[in-house]
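Heads up, the thing below is written out as structure tokens.
All of the numbers you see were taken from the coordinates with simple rules; none came from a lab. All figures in this text were calculated on a predicted structure; none of them were measured in a lab. All Cβ positions, glycine included, derive from the backbone under ideal geometry; neighbour counts span all protein chains shown.
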Amino acid sequence: MQTFPKKLTRRNFLTFSALGGLSYMRFWEPHWLHVRRQEIVTGKAGSNAPLRLLQLSDLHASDVVSLAYIESAIALGLAEKPDLICLTGDFITSVYDQFDGYSGILAKLARHAPTYATLGNHDGGLWAGRTYGYPDSQSVRGMLATAGIDLLHNTYRDVVIGGRKLRVVGLGDKWSAELFPLLAFPADSPVADDVFTIALSHNPDTKDDLAGFPWDLMLSGHTHGGQLLVPLVGAPFAPVRDRRFIEGLHRWNDRWLHISKGVGNLHGMRFNCRPEVNLITLA
Ligand SMILES: [Fe+2]
């Protein structure tokens, strides 16, 4: 018969606390999704109606991030009735075997509103090929095409949504050595003054690479907000050079940067850093 200690010793207390903390980090917080809403006053002429932009980032479909969970994040985002949807990379972690089911879920986004995507370092390429992933992005590209999502890989689209003129520019991933801004912002296609330009670039450190190009708002992910935020320490695991920009909406050199904490995660854990879907209203 198993016996339990009659007295709560310091050692038992610490053991129970550690197990409780690990269970929270593994089984609760990684799925504790919420909608984070922010507003940007663009200062551009256009429609009087605000435009609702949904950003989803770092879905990271994998053994620790299920399609059912990703589907719930998409439902949460679509409930906000977005006019435009932007996906900022890391659709998978390393390799994946459920692309058909995944494209069916992502297609819900494209059926609702114009949906544009860019790739992250985990989606295949130089970096992924060296770290147990795909050496190229053909699998993820195929999935996005099947889902009806427009992948912008160092290219752009000019669109008018609700009377508002937008240019959506997608950049290749920096760590994958596929960041080619000269292709994405061609000199022979300048941006008119009344056009608001949104750059989709997975890694927020790319703001410096893109500083000489015309954009108003850059949407990034990559950091997962740090994923594990340590009290009094911060985000020791955030994979960025510029530690000022790990999550959230920031003003930078008269432009806007938005870094999503992301939907999924790596290794199945989050602490003090809930997953999010992002609704940005352009006023
Ligand atoms: Fe990521």
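Summing Cβ point charges (Lys, Arg +1; Asp, Glu -1) relative to the Cα centre of the range 77-199 gives a dipole of roughly 180 debye.
Bridge orientation summary for the chain: considering DSSP beta bridges with both residues in this region, about 40 percent are antiparallel.
Taken about its Cα centre, the chain carries a charge dipole of roughly 1280 debye when the Cβ of each Lys and Arg holds +1 and the Cβ of each Asp and Glu holds -1. The equivalent ellipsoid of the range 70-151 has semi-axes of 23, 12, 11 Å, largest first, where each one is the square root of 5 times an eigenvalue of the Cα gyration tensor. Placing unit charges on each Cβ (+1 for Lys and Arg, -1 for Asp and Glu) gives the chain a dipole about its Cα centre, and among Asn278, Leu51, Ser17 the Cα reaching farthest toward its positive end belongs to Ser17. Here the range 70-144 is treated with +1 on each Lys and Arg Cβ and -1 on each Asp and Glu Cβ, and its dipole about the Cα centre works out to around 100 debye. Our estimate of slack between Trp32 and Val233, defined as 0.36 nm per intervening residue step minus the Cα-Cα distance, is 70.1 nm. Comparing Ser189, Phe213, Leu257 along the charge dipole axis of the chain, the residue lying farthest to the positive side is Leu257, per the Cβ-charge model. When only alpha carbons are used to place a centre, the range 30-46 and the range 87-166 end up 21 Å from one another. In the chain, the alpha-carbon atoms span a convex hull of 155 Å³ per residue. Taking amide H atoms as placed 1.01 Å from N in the peptide plane, the amide H of Ala117 lies under 5 Å from those of Leu87, Asp150, Leu151, Leu152, each 5 or more residues away in sequence or on another chain. Restricting the calculation to alpha carbons of the range 224-283 gives Rg and Dmax of 12.4, 38 angstrom.
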